[in-house]
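Note sheet for the following structure.
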Amino acid sequence: MNLIRLENISRRYQMGAETIHALRDVSLTIDRSEYVAIMGPSGSGKSTLMNLLGCLDTPTSGRYELNGVNVSEMDDNQLAEIRNREIGFVFQTFNLLPRSNALHNVELPLIYAGVAAEVRRKAALEALSQVGLADRIHHKPNELSGGQRQRVAIARALVTSPSIILADEPTGNLDSNTGTEIMALFEELSNHGNTIIVVTHEEHVARHAERVVRILDGLIASDEQVAGRVAAEEYSK
Amino acid sequence: MNFIWETFEGMRIALAAIWANKLRSGLATLGIVIGIVTVTLMGTAIQGLNRSFLEAVSTIGADVLYVQRFSWFINSWEEWLKAEKRQRITLAQVRAVEKQMRQARAIAPFVETRRPVNYKNRRSDSVTVIGTTDQFQFTKGISVALGRYMTAPEADGGRPVCVLGSTVATNLFLIESPVGNKIRLGSQTFEVIGVLEKQGDFFGEFSSDNAVIIPLQQFITSFWHSPDFQIQVKVIDIARLDEAKEELRGILRRIRRLAPGTEDDFSIDQQEMFLSMFGRVSRTIASVGLFITGLSLFVGGIGIMNIMFVSVAERTREIGIRKAIGAKRRAILTQFLIESASICVLGGLLALAIAYPVTLLLKKQLGGAMSPTVVTIALLVSAFTGILSGFFPAWRAARLNPVDALRNE
Ligand SMILES: Nc1ncnc2c1ncn2[C@@H]1O[C@H](COP(=O)(O)OP(=O)(O)OP(=O)(O)O)[C@@H](O)[C@H]1O
Ligand SMILES: [Mg+2]
């Protein structure tokens, strides 16, 4: 069974009289433990695809099966539950709660999952130390560097042990060195068996992945395994 | 379980948000503060009004049934003639009523006549002399200013004592205290044992100010051997005045041996007039008060709704983040409802702090201080206003599409 199975997915936006086809009849399957990069020019539909994969949005037509469950016709609350259990998001702009410290930000998904306070705290501390931030747990986002903020976001994505980690241009707001560090972190997570899908339009970022899906104008243009995968450490030299 | 953590989180966020926007929240809550101050003052005033209503009911005797041969409302000569032929109400009948009546708090027979009254060389013409029992103080709702009222043995016994109405007392006694002195009623001498509190002109002919009250037995031996009695029956529950009236009517018909189907040969009257007038006034005040209160709360509620829309708009991105990581609609809804309810309850507390000294200052006019009931109502009303006026903004927030919310800058 595939972890993700998209069948003839379309997403159209109605802008007055004009219909925008953000995705046209996309079919795609992704298996557990894969590390996939999604590439394409601006406006090609990458974020639209990520939103659908992350159950933030529902397709105009087509069928989406996640873990064998049809999620394309679920309502708002059911999708929220799926997102909470199955998906970990990492955004380009971090999207942390500005007034909460790192620890609380990481605990948040567990609060909505109904996990008790001590269990929550323990899991959050573990996730934070996994991303190397065990000594920054009481810092608020504006007291952290960009790279550290993204690590907090990654810890928040990891804390529920989701089926998939989705990252939409996670290095887009970081300088290249910090970006490389973050990519190294993803690689490490991938090596531990996590399923990771990263959107990027930087070739060198995509080269960390095992598989690259290219999108053009809402269609899948190519889908291939990467032959010479570059280890992050090598690249930084 | 989820709900508990969500609620905790909701409170955390709400308090943090209010604290972060102290000035704004404070200003927004002003309307609520004014509204709740109104609620508290109105509530206290209405409670005071009800209390004075109940007091008035018993001083006026609105909870008293008056039995006599002549109706209070005789409209024609024929009616008077008919009433004139009726059998008198005798002492034996009075005793029977006293024994049988269930729904009575107090029963007092009384008879009255007019006599001049003398003390030394001072004289007062045409004073109402009332012969009655110790129960009269309850049915009549009189209170004693000086000395005491007569006791049950005195009412039945032969000792010549009397209690003076306040006007009689001031007319006869200039400097001396009346209590302990002897006055003359007609040819009889009576020892003064007490003076009544002034009742005032409001009670008109029902006032006991120009009266001398003597024991029933004394009245019978001194003035009138077989008088036509009147009976005052104070009921236990004014809300069941009509029931008590029916009971009394049944008893009287039985002891006066009236055949079924014949007309009553007595009359039972009550001070309905006062009751309905008082009821009308207090209802009017209460509804005007409710209207003003409702209006100011409505205005306050609009202010809260407005500030909550601002709060939701400002935190659209935060809502997007929360939804993305798994917050359901309910969690977002609760979060904002808690926020608006907290603002309003804080406003309510502030209002109570303001209203409390005011009620103390106006204790006289309001007829009492702030009661725990009013405090509870005020806090419940403020929480309810908060939830009501926060609902629409919170509902909009809960329904936000996460993709759109996250894109919000
Ligand atoms: N809410 C929306 N309403 C209307 N059109 C939309 C909406 N969201 C996306 N689109 C359109 O859908 C198309 C795909 O957008 P999408 O955000 O997926 O692009 P992208 O590949 O992520 O681009 P970028 O690399 O710039 O992030 C674009 O033409 C965009 O204008
Ligand atoms: Mg995009």
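The values are calculated or read from the model by the stated rules, or taken from the named source; none is laboratory data. Quick caveat: nothing in here was measured; it's all calculated off a predicted structure. With ideal geometry, Cβ positions are generated from the backbone for all residues, glycine too; neighbour counts draw on all protein chains shown. Ligands, DNA and RNA are excluded from the accessible area calculation, which covers all protein heavy atoms including side chains. Shrake-Rupley method; radii C 1.70, N 1.55, O 1.52, S 1.80 Å.
If you check B:Ile302, B:Ile338, which single one turns out to be open to solvent by 40 Å² or more (accessible area, probe 1.4 Å), of a type outside the set (S, T, N, Q), away from chain A (no Cβ under 14 Å) and in a helix (DSSP H, G or I)? Answer to the selection: B:Ile302.
Residues that are within 16 Å of ligand 1 (Cβ to nearest atom), touching a Gly at 6+ places or on another chain (Cβ under 8 Å) and within 14 Å of chain B (Cβ to nearest Cβ): does segment A:148-158 have at least one? Full working, then the answer.
Step one: filter segment A:148-158 for residues within 16 Å of ligand 1 (Cβ to nearest atom), giving none.
No, segment A:148-158 contains no residue that is within 16 Å of ligand 1 (Cβ to nearest atom), touching a Gly at 6+ places or on another chain (Cβ under 8 Å) and within 14 Å of chain B (Cβ to nearest Cβ).
There is at least one residue in segment B:41-64 that is under 32 Å from the mean Cα position of the chain (by Cα), within 30 Å of B:Thr262 (Cα to Cα) and outside any loop (DSSP other than H, G, I, E, B).
The residues in segment B:262-293 that are open to solvent by 80 Å² or more (accessible area, probe 1.4 Å) and not hydrophobic (A, V, I, L, M, F, W, C) can be counted, and the count is 4. Evaluation of B:Lys22 against the conditions (1) open to solvent by less than 60 Å² (accessible area, probe 1.4 Å); (2) assigned by TED's automatic domain parsing to the domain that holds B:Leu380 shows that the sole unmet condition is (1).
Per-residue answers, yes or no, for (1) under 22 Å from B:Asn121 (Cα atoms); (2) touching a Pro at 6+ places or on another chain (Cβ under 9 Å):
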| position | (1), (2) |
| --- | --- |
| B:Met150 | no, yes |
| B:Gly180 | yes, no |
| B:Gly186 | yes, yes |
| B:Ile193 | yes, no |
| B:Ser208 | no, no |
| B:Val212 | yes, no |
| B:Phe219 | no, yes |
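Out of the residues in segment A:205-228 that are more than 17 Å from A:Leu6 (Cα to Cα) and open to solvent by less than 50 Å² (accessible area, probe 1.4 Å), state the one that is farthest from ligand 1 (Cβ to nearest atom). Filtering segment A:205-228 for residues that are more than 17 Å from A:Leu6 (Cα to Cα) and open to solvent by less than 50 Å² (accessible area, probe 1.4 Å), the one farthest from ligand 1 (Cβ to nearest atom) comes out as A:Val226. What number of residues within segment A:31-73 are in contact with a helix residue (DSSP H, G or I) (Cβ under 7 Å, 6 or more places away or on another chain) and either of a type in the set (A, V, I, L, M) or within 16 Å of ligand 2 (Cβ to nearest atom) (or both)? Counting residues in segment A:31-73 that are in contact with a helix residue (DSSP H, G or I) (Cβ under 7 Å, 6 or more places away or on another chain) and either of a type in the set (A, V, I, L, M) or within 16 Å of ligand 2 (Cβ to nearest atom) (or both) gives 10.
Among the residues of segment B:377-409, the ones that are open to solvent by less than 80 Å² (accessible area, probe 1.4 Å) and either over 30 Å from B:Ile321 (Cβ atoms) or within 14 Å of another protein chain (Cβ to nearest Cβ) (or both) come to 13 in all. Any residue at all in segment A:63-75 that is open to solvent by 20 Å² or more (accessible area, probe 1.4 Å) and either within 13 Å of another protein chain (Cβ to nearest Cβ) or in a helix (DSSP H, G or I) (or both)? Yes - at least one qualifying residue is present in segment A:63-75. The set of residues in segment B:207-242 being under 24 Å from B:Thr189 (Cβ atoms) and part of a helix (DSSP H, G or I) consists of B:Leu216, B:Gln217, B:Gln218, B:Phe219, B:Ile220, B:Thr221, B:Ser222. Flag: A:Leu97 does not match the condition of being buried (at least 24 other Cβ atoms within 10 Å of the Cβ) and within 10 Å of chain B (Cβ to nearest Cβ). Is there a residue being in contact with a Pro (Cβ under 7 Å, 6 or more places away or on another chain), within 11 Å of chain B (Cβ to nearest Cβ) and part of a strand (DSSP E or B) anywhere in segment A:51-61? Looking through segment A:51-61, none of the residues is in contact with a Pro (Cβ under 7 Å, 6 or more places away or on another chain), within 11 Å of chain B (Cβ to nearest Cβ) and part of a strand (DSSP E or B). Determine which member of the set A:Arg85, A:Arg120 is within 13 Å of chain B (Cβ to nearest Cβ) and either within 16 Å of ligand 2 (Cβ to nearest atom) or in contact with a helix residue (DSSP H, G or I) (Cβ under 6 Å, 6 or more places away or on another chain) (or both). Sole residue among the options that is within 13 Å of chain B (Cβ to nearest Cβ) and either within 16 Å of ligand 2 (Cβ to nearest atom) or in contact with a helix residue (DSSP H, G or I) (Cβ under 6 Å, 6 or more places away or on another chain) (or both): A:Arg120.
Scan segment A:181-202 for residues that are in a helix (DSSP H, G or I) and touching a residue at least 24 places away in the same chain (Cβ under 8 Å) and the total you get is 9.
Within segment B:137-147, is even one residue part of a loop (DSSP other than H, G, I, E, B), modelled with pLDDT of 85 or more, open to solvent by less than 50 Å² (accessible area, probe 1.4 Å) and on the phi > 0 side of the Ramachandran plot?
Within segment B:137-147, the first condition is being part of a loop (DSSP other than H, G, I, E, B), and the residues that meet it are B:141-143.
Then keep just the ones that are modelled with pLDDT of 85 or more; that gives none.
No, because not a single residue in segment B:137-147 is part of a loop (DSSP other than H, G, I, E, B), modelled with pLDDT of 85 or more, open to solvent by less than 50 Å² (accessible area, probe 1.4 Å) and on the phi > 0 side of the Ramachandran plot.
The residue of segment A:49-62 that is most open to solvent (accessible area, probe 1.4 Å), among those that are within 15 Å of ligand 1 (Cβ to nearest atom) and over 21 Å from A:Ser222 (Cα atoms), is A:Thr60. Taking segment A:16-48 as the search range and keeping residues that are within 14 Å of another protein chain (Cβ to nearest Cβ) and near ligand 1 (Cβ under 7 Å from one of its atoms), which one is surrounded by the fewest Cβ atoms within 10 Å (Cβ to Cβ)? Ranking the qualifying residues of segment A:16-48, first place goes to A:Ser47.
For (1) surrounded by 17 or more Cβ atoms within 10 Å (Cβ to Cβ); (2) over 26 Å from B:Val212 (Cβ atoms); (3) assigned by TED's automatic domain parsing to the domain that holds B:Val168; (4) in contact with a Gly (Cβ under 9 Å, 6 or more places away or on another chain), each residue gets a yes or a no:
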position: B:Ser76; (1), (2), (3), (4): no, yes, yes, no
position: B:Trp80; (1), (2), (3), (4): no, yes, yes, no
position: B:Gln93; (1), (2), (3), (4): yes, no, yes, no
position: B:Gln103; (1), (2), (3), (4): yes, yes, yes, no
position: B:Pro109; (1), (2), (3), (4): yes, no, yes, yes
position: B:Arg115; (1), (2), (3), (4): yes, no, yes, yes
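Say whether the condition of being free of Cβ contacts under 8 Å to residues at least 60 places away in the same chain, within 17 Å of the chain's Cα centre (by Cα), within 14 Å of chain B (Cβ to nearest Cβ) and open to solvent by 70 Å² or more (accessible area, probe 1.4 Å) is met by at least one residue in segment A:160-176. Within segment A:160-176 (the criterion being free of Cβ contacts under 8 Å to residues at least 60 places away in the same chain, within 17 Å of the chain's Cα centre (by Cα), within 14 Å of chain B (Cβ to nearest Cβ) and open to solvent by 70 Å² or more (accessible area, probe 1.4 Å)), the answer is yes, since at least one residue qualifies.
Let me spell it out: the conditions are (1) away from ligand 2 (no atom under 16 Å from the Cβ); (2) in contact (Cβ under 8 Å) with a residue 24 or more places away in the chain, and A:Met15 meets all of them except one. Which number is the exception? Answer for A:Met15: the failing condition is (2). The one condition from (1) closer than 20 Å to A:Glu210 by Cβ; (2) more than 14 Å from chain B (Cβ to nearest Cβ); (3) within 16 Å of ligand 2 (Cβ to nearest atom) that A:Ile4 does not meet is (3).
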